[in-house]
1. Answer yes if at least one residue in the stretch 1-19 is open to solvent by less than 70 Å² (accessible area, probe 1.4 Å), out of contact with any Gly (no Cβ under 7 Å at 6 or more places or on another chain) and farther than 20 Å from L211 by Cβ, and no otherwise.
2. I'd like the full set of residues that are in a strand (DSSP E or B) and either farther than 23 Å from R35 by Cβ or modelled with pLDDT of 95 or more (or both), limited to the stretch 145-175.
3. Please report, ordered by residue number, the strands (runs of 3 or more DSSP E) entirely within the stretch 59-104 with at least 3 residues that are open to solvent by 60 Å² or more (accessible area, probe 1.4 Å).
4. Starting from residues that are under 17 Å from P24 (Cα atoms) and touching an Asp or Glu at 6+ places or on another chain (Cβ under 7 Å), keep the ones in the stretch 109-140 and report whichever is farthest from the ligand (Cβ to nearest atom).
5. Cβ contacts < 9 Å: first residue farther than 18 Å from D87 by Cβ and among the basic types (K, R), restricted to the stretch 49-70; second residue open to solvent by less than 10 Å² (accessible area, probe 1.4 Å) and in a loop (DSSP other than H, G, I, E, B), any location; separation 6+ or different chain. Result?
6. Tell me whether the stretch 17-27 contains one or more residues that are in contact with a helix residue (DSSP H, G or I) (Cβ under 8 Å, 6 or more places away or on another chain) and not in a loop (DSSP other than H, G, I, E, B).
7. Do you know which of the residues in the stretch 141-153 that are in contact (Cβ under 8 Å) with a residue 24 or more places away in the chain and surrounded by fewer than 16 Cβ atoms within 10 Å (Cβ to Cβ) is farthest from the ligand (Cβ to nearest atom)?
8. As an exercise: evaluate G156 against (1) within 14 Å of the ligand (Cβ to nearest atom); (2) in contact (Cβ under 8 Å) with a residue 24 or more places away in the chain; (3) surrounded by fewer than 21 Cβ atoms within 10 Å (Cβ to Cβ) and give the number of the one condition it does not meet.
Amino acid sequence: SDVQRLAGVRVLLTAGPTREPLDPVRYLGNRSSGRMGYALAGALADLGAHVVLVSGPSALAPPAVAELVRVETALEMHAAVTARARDCDVFVATAAVADYRPAEPAGSKIKKGAETLEIRLVRNPDILAEVAALPKPPFTLGFAAETNDVEQYARGKLKDKRLDMIAANRVGGDSGGFEREENALLVLWNGGQRTLPMMSKVELARELAVLLAERYAEHHAA
Ligand code: C5P
């Protein structure tokens, strides 16, 4: 039975988008709803895991988890994860973290004037890659949303970020992903892979949680 197969396992999970301030009233954001992450956090808690959910802004009702940490920016998410990463067994990164943030957010509302306005952006830290590079990293599951060459890019990320598992999906056009109820995933790990066909994100999260529990158990036993 699947019941409580993650009992006693401490999971840290990021979800949702981040917002990168341009000025006190505006931000750069993305279309992530947090749906997949919230569903996965709930599914992992259902398997008995102690789940700490670090969430960017989402309109959804959060799942029942041990702790919910609300953040807005990538830097806040980074700080929340860094403070907790050494105390988890599994780290799951579902968040759509902004790769860049405005270099110098304006202290007051930017006024319209000139025909063009340039905003300089600087790189945000890669939260997942940092956690995976810890001296004693937790078991890591990352996500890869790609418009094309899904498997190739996902394999690259699994290797480059030194992840234990990656769940990849196609986004854009009529495929699942952002702003959709349904999704399909190609899950890769060193030595195996599994295709989870198009289904609701809630069902998909349950299947992915079970697959994660299997891989974690194997990794742990090794
Ligand atoms: O390289 P890419 O951004 O496509 O990798 C996506 C994966 O990395 C996701 O699991 C995402 O949550 C994570 N990520 C992160 N911090 C970033 C960028 C991505 O944790 N700054």
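The values are calculated or read from the model by the stated rules, or taken from the named source; none is laboratory data. Please read these numbers as outputs of a predicted model, since none were measured by experiment. So basically every Cβ, Gly included, is an ideal-geometry build from the backbone, and we count neighbours across all protein chains shown. With ligands, DNA and RNA removed, areas are computed over all heavy atoms of the protein, side chains included. Shrake-Rupley method; radii C 1.70, N 1.55, O 1.52, S 1.80 Å.
1. no
2. M165, I166, A167, A168
3. Because the criterion is at least 3 residues that are open to solvent by 60 Å² or more (accessible area, probe 1.4 Å), the strands (runs of 3 or more DSSP E) in the stretch 59-104 that meet it are 67-70.
4. Selected residue: K109.
5. Close Cβ pairs (under 9 Å, with a partner that is open to solvent by less than 10 Å² (accessible area, probe 1.4 Å) and in a loop (DSSP other than H, G, I, E, B)) amount to R70/G56.
6. Yes; the residues of the stretch 17-27 include at least one that is in contact with a helix residue (DSSP H, G or I) (Cβ under 8 Å, 6 or more places away or on another chain) and not in a loop (DSSP other than H, G, I, E, B).
7. E151
8. (2)
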